[in-house]
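**Student:** Pasting in a structure now, in structure tokens, and then I'll have a few things to ask.
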Amino acid sequence: MEAIRFEKVCFSYQTGGAESTDGDIFSPDASFSLDGIDLSVEEGEFVAVLGHNGSGKSTLARLTNGLLTPTAGKITVMGLDAGEGKNLFEIRKQVGIVFQNPDNQTVASIVEDDIAFGPENVGVPREEIGKRIDFALGAVGMEVFRHSTTSRLSGGQKQRVAIAGVLALKPRVMILDESTAMLDPRGRKEVIEVVQKLNKEEKITVLLITHFPEEALLADRALVMHQGKIVMEGKPEEVLKREEELLKCSLTLPRPLKISRALRKGGLSVVDALNADALGEEIANALKNTPVTLPAIWEREEEISVAPLSGEIGRVECKNLSFTYNPSSPFATHALNGVDLEINAGEFFGIIGHTGSGKSTFV
Ligand SMILES: Nc1ncnc2c1ncn2[C@@H]1O[C@H](COP(=O)(O)OP(=O)(O)OP(=O)(O)O)[C@@H](O)[C@H]1O
Ligand SMILES: [Mg+2]
């Protein structure tokens, strides 16, 4: 069965789709965010959607669950015509979207209530909701935050709760709209693994909108959007190798592939590798077969000169810096514990850390 079908779908925010009051859907100043999309996604398929900023990915997602109505064309979801108002409740039950920004989808002040909100709305029985909360929190590794206040979570933690909220709905179609962008690498890997598992084991159809090629490689099929059109389509490992076309869409090759091509240009006999492991193997084999002298990067004596630092303006120094949210309350969270740090004036300073490690608090 087809899970999603788009037939010549156009959408313009200027005309406001069905909410348009002027009725002139093809007014000359209507620029189309989606421009004649034909798309068919089979039930159980895992499709990655790539594309530059503003190419129409989120618009495609919103149309799929009836948040927007096409300006022209027809959308069918799980056999239901999305153009018919009476089908929208059922379609929204079947299609769960995790949006880009978790703040846009937090509805309750306590984590478990927030996750329960979706299932409650579609009439899932009470005892079943409890089980779904357990499952969803476990899936995103947020069990210990079950009774926490949503507004007191870090960005990445909020995003995990948002993903849990959709998992608890057990939709037939799951759309992740750059939902892992705020997560740290481990968090991203865990969430993607859950999605892959749901896709494989429960045959949930997945539309994964992403800027990470390594995530797109996990899909059955990849689509590339450009200026409201689908301009490339095929197996991700094929699509992600088409450098010229990707560049035209303001996208780039996956990094391991870029490196393998650069090495080949430099005379090392390696084939295109799409991930770090394959690239490592390629390089090791190539070096076994062809002894080469690699340029001694470490011998280059080009000193990168930095303007001498002077003065105290812009200098940051902290000694034993600690910070606790809601001290002397049951919600006390120690966000910073004795940070010693010096940042010199004019320095370009990077801070890394897992979700909830205190980066934003420090800033
Ligand atoms: N609420 C809105 N009102 C008016 N125009 C909008 C609105 N949302 C998006 N657009 C426009 O529609 C086009 C497609 O936007 P869309 O959000 O679908 O892109 P996207 O591919 O999801 O981009 P990104 O990678 O930045 O999330 C863009 O030109 C954008 O400016
Ligand atoms: Mg978007």
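**Student:** If a/c stays under 1.5 just call it rounded; otherwise compare a/b with b/c (prolate if a/b is bigger, oblate if not). Do that for the chain, with a ≥ b ≥ c from the square roots of the Cα gyration tensor eigenvalues.
**Tutor:** Oblate.
**Student:** Given the DSSP H assignment, sum -39500 (n - 2.57) over each helix run of at least 4 residues in the chain and divide by its residue total; what's the result at 222 nm in deg cm²/dmol, nearest 500?
**Tutor:** -9000 deg cm²/dmol
**Student:** In the range 2-240, what percent of the accessible surface is made up of carbon and sulfur (1.4 Å probe, ligands and nucleic acids excluded)?
**Tutor:** 50 percent
**Student:** Tell me which aspartates and glutamates have Cα within less than 14 Å of K241's Cα, excluding those fewer than 8 residues away on the same chain?
**Tutor:** E214, E233, D272
**Student:** Pick out which of D220, D340, D81 has the largest mean-square fluctuation in a Gaussian network model of the chain, springs linking Cα atoms closer than 10 Å.
**Tutor:** Result: D340 has the largest fluctuation of those listed.
**Student:** Another question, then. Would you kindly derive the ³J(HN,Hα) couplings of the range 31-39 from the backbone phi angles with the Karplus curve 6.51 cos²θ - 1.76 cosθ + 1.60 (θ = phi - 60°), listing them in order in whole Hz, with x for Gly and Pro?
**Tutor:** Calculated HN-Hα couplings, in order: 8, 8, 6, 10, 10, x, 8, 10, 8 Hz.
**Student:** Given 0.36 nm per residue, what is the gain on full extension from R126 to V316 after removing their alpha carbon distance, in nm?
**Tutor:** 63.2 nm
**Student:** Next question, about the same structure. Please list, in order along the range 150-167, the HN-Hα scalar couplings obtained from phi with the Karplus expression 6.51 cos²θ - 1.76 cosθ + 1.60 (θ = phi - 60°), rounded to whole Hz, x for Gly and Pro.
**Tutor:** Rounded to whole hertz, the list is 4, 5, 9, 8, 6, x, x, 5, 4, 5, 5, 5, 4, 5, 4, x, 6, 4.
**Student:** Right, here's the next one. Note down the net charge around G96, summing +1 for each Lys or Arg and -1 for each Asp or Glu among other residues with Cβ under 10 Å from its Cβ.
**Tutor:** Result for the local shell: +4.
**Student:** If you don't mind, there's one more thing I want to ask. Check E45: other-chain or 5+ apart residues with amide H under 5 Å from its amide H, H built from backbone geometry?
**Tutor:** When sequence neighbours closer than 5 places are left aside, the close amide H contacts are V206.
**Student:** Hey, another quick one. Quick one: 3J(HN,Hα) in Hz for the range 58-67, Karplus 6.51/-1.76/1.60 with θ = phi - 60°, rounded, Gly and Pro as x.
**Tutor:** 5, 4, 4, 5, 5, 5, 5, 9, x, 6
**Student:** In percent, what relative contact order does the chain have, based on Cα pairs under 8 Å that are 6 or more apart in sequence?
**Tutor:** Rounded, it is 16 percent for the chain.
**Student:** Taking amide hydrogens as modeled 1.01 Å from N in the peptide plane, which residues meet the under 5 Å criterion relative to A82, leaving out close sequence neighbours?
**Tutor:** I75, T76, V77
**Student:** Moving to a separate point now. Can you work out the accessible area per residue across the chain, with the rest of the protein chains kept in place, probe 1.4 Å, in square angstrom?
**Tutor:** Heavy-atom accessible area per residue stands at 55 Å².
**Student:** Which order do the peptides 325-336, 267-278 come out in when sorted by mean C-beta neighbours inside 10 angstrom, highest first?
**Tutor:** Packing proxy ranking, top to bottom: 267-278, 325-336.
**Student:** Keeping all protein chains in the complex and leaving out DNA, RNA and ligands, what accessible area do you get for R132 with a 1.4 Å probe, in Å² to the nearest 10?
**Tutor:** For R132, the solvent-accessible surface is approximately 40 Å².
**Student:** Quick check: at a probe of 1.4 Å, how many percent of the accessible area of the range 316-362 sits on carbon and sulfur atoms?
**Tutor:** Carbon and sulfur together cover 56 percent of it.
**Student:** If you average the alpha carbon positions of the range 43-65 and of the range 135-186, how far apart do those two centres end up, in angstrom?
**Tutor:** Distance between centres, Cα-based: 20 Å.
**Student:** Placing +1 on the Cβ of each Lys and Arg and -1 on the Cβ of each Asp and Glu in the range 2-240, which of V107, T69, A219 has its Cα farthest towards the positive end of the resulting dipole?
**Tutor:** Comparing the listed Cα positions along the dipole, V107 ranks first.
**Student:** Determine the alpha carbon to alpha carbon distance for each of K158/K189; K57/K189; K8/K189; K258/K288 and list only those over 27 Å.
**Tutor:** K8/K189
**Student:** Below 9 angstrom from the Cβ of T150, what's the summed charge of the other residues (Lys, Arg +1; Asp, Glu -1)?
**Tutor:** Net of charged neighbours comes to 0.
The values are calculated or read from the model by the stated rules, or taken from the named source; none is laboratory data. Bear in mind the structure is a predicted one, so any value in this text is a computation, not a measurement. Every residue, glycine among them, receives a Cβ derived from its backbone with ideal geometry; neighbour counts consider all protein chains shown. These accessible areas exclude ligands, DNA and RNA; they are computed on the full protein's heavy atoms, side chains included. Shrake-Rupley method; radii C 1.70, N 1.55, O 1.52, S 1.80 Å.
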